[in-house]
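Data first, discussion second: the structure below is written as structure tokens.
The values are calculated or read from the model by the stated rules, or taken from the named source; none is laboratory data. Remember, predicted model here, so these are calculated numbers, not experimental data. So basically every Cβ, Gly included, is an ideal-geometry build from the backbone, and we count neighbours across all protein chains shown. Heads up: the accessible areas ignore ligands, DNA and RNA and are worked out on the full protein's heavy atoms, side chains in. Shrake-Rupley method; radii C 1.70, N 1.55, O 1.52, S 1.80 Å.
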Amino acid sequence: MRAVRLATSLWLIIVGALILVSLLFKFPLFATVNTQTATGIEELILIILVFELNNRYVHQALHFRSSLNWTKQLTIVGPSLLIVGVAAIFGLLTYTSVTPLLLTLLVAILVSCFEELLFRGIIFKLFLRDFGSGRKSLLQAAGLSSVYFSLTHLVNLTHQDLMLTGLQLLFTFAIGLLLCGLYQATQSLWWPIAIHALNDFFSFSQPTINLPLIHTTAAFQLLEIVIILILTGIVFRHTPAKN
């Protein structure tokens, strides 16, 4: 279980760094930096740290170029891309000027790059390598890496209530499974990054959505979880159980 220990150590280091970098912006010197800019800087620091730790200690290969043709890739990612694409359009409609739109999009991209590099690019693949081949091993690796991904969002308890954070943990676990499936099926991190970024852009934009029987944030998030689990089932049908 060496890979599990290595992945766990990496995760703990990154969580510690995430907390320390966040605290940095509480100091008076940086207190005037707006929230989105601070988040962007934090994510950029964490991306650099993930690359550095992987290059020096972990040595997990990161795959960006898929061996599949575009038709096959789009068959796999199409349903997920359509859903988050529509959601991103709703987010886009909330902006009346270009600068905040571009800043939100940049932050969403940086967040998705950091989290996909760490949780799908490195931790998921380390678990999969440790558990061996086969469908059961694939599900175990996806499930465990998604638990780590989900638990990382406990840091949000510093600025939001317990119920909302609990729903976010369920949501991030579900979307973690989907993103693992996308990476394994396409063998390209670009697709999980793109899906993740579009989803985060929608979330950061906070558009008003009026749907029948969906009147609260909690109800909408539960709907999102159900949709993501359906998409996950579709993606895993295309997902080969190999490292």
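So that you can scan it fast, the table gives a plain yes or no per residue for (1) surrounded by 13 or more Cβ atoms within 10 Å (Cβ to Cβ); (2) more than 22 Å from residue 22 (Cβ to Cβ):
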residue: 138; (1), (2): yes, yes
residue: 149; (1), (2): yes, no
residue: 159; (1), (2): no, no
residue: 172; (1), (2): yes, no
residue: 177; (1), (2): yes, yes
residue: 200; (1), (2): yes, no
residue: 210; (1), (2): no, yes
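Quick one: is residue 44 within 14 Å of residue 117 (Cβ to Cβ), in contact (Cβ under 8 Å) with a residue 12 or more places away in the chain, of a type outside the set (Ser, Thr, Tyr) and open to solvent by 80 Å² or more (accessible area, probe 1.4 Å)?
On the way: within 14 Å of residue 117 (Cβ to Cβ): yes; in contact (Cβ under 8 Å) with a residue 12 or more places away in the chain: yes; of a type outside the set (Ser, Thr, Tyr): yes; open to solvent by 80 Å² or more (accessible area, probe 1.4 Å): yes.
Taking the combined requirement at face value, the residue satisfies it.
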### Summary
Selection from region 104-132 of residues open to solvent by 30 Å² or more (accessible area, probe 1.4 Å) and among the β-branched types (Val, Ile, Thr) yields 109
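What's the total number of residues in region 195-243 that are of a type in the set (A, V, I, L, M, F, W, C) and under 27 Å from residue 130 (Cα atoms)?
Within region 195-243, the first condition is being of a type in the set (A, V, I, L, M, F, W, C), and the residues that meet it are 195, 197-198, 201-202, 204, 209, 211, 213-214, 218-220, 222-223, 225-231, 234-236, 241.
In the following step, the residues that additionally are under 27 Å from residue 130 (Cα atoms) were identified as 195, 228-229, 231, 234-236, 241.
So the answer is 8.
Would you confirm, using the coordinates I've provided, whether residue 73 is at pLDDT below 95 and out of contact with any strand residue (DSSP E or B) (no Cβ under 8 Å at 6 or more places or on another chain)? I'd like the intermediate steps shown before the answer.
Details: at pLDDT below 95: no; out of contact with any strand residue (DSSP E or B) (no Cβ under 8 Å at 6 or more places or on another chain): yes.
Here the answer is no, as residue 73 does not meet what is asked.
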### Message
Need the failing condition index for residue 50 against (1) in contact (Cβ under 8 Å) with a residue 12 or more places away in the chain; (2) over 30 Å from residue 101 (Cβ atoms); (3) aliphatic (A, V, I, L, M), just the number.
### Response
(2)
### Task
Please go through region 82-99 and pick out each residue that is open to solvent by 50 Å² or more (accessible area, probe 1.4 Å), touching a residue at least 40 places away in the same chain (Cβ under 8 Å) and part of a helix (DSSP H, G or I).
83, 90, 92
### Query
Residues 20, 29: which one is among the hydrophobic types (A, V, I, L, M, F, W, C), part of a helix (DSSP H, G or I) and at pLDDT 90 or above?
20
### Message
I need the full set of residues from region 212-243 which are touching a residue at least 60 places away in the same chain (Cβ under 8 Å) and open to solvent by 50 Å² or more (accessible area, probe 1.4 Å), in order please.
### Response
227, 234, 238, 242, 243
### Query
Within the bounds of region 153-161, is there any residue that is without any contact (Cβ under 8 Å) to a residue 24 or more places away in the chain and among the charged types (D, E, K, R)?
yes
#### Entry: Matching residues in region 185-201 - criterion: being among the polar types (S, T, N, Q) and not in a helix (DSSP H, G or I)
187, 188
### Task
Inspect all residues belonging to region 176-184 and state whether any of them is closer than 20 Å to residue 108 by Cβ, touching a Lys or Arg at 6+ places or on another chain (Cβ under 7 Å) and not in a helix (DSSP H, G or I).
no
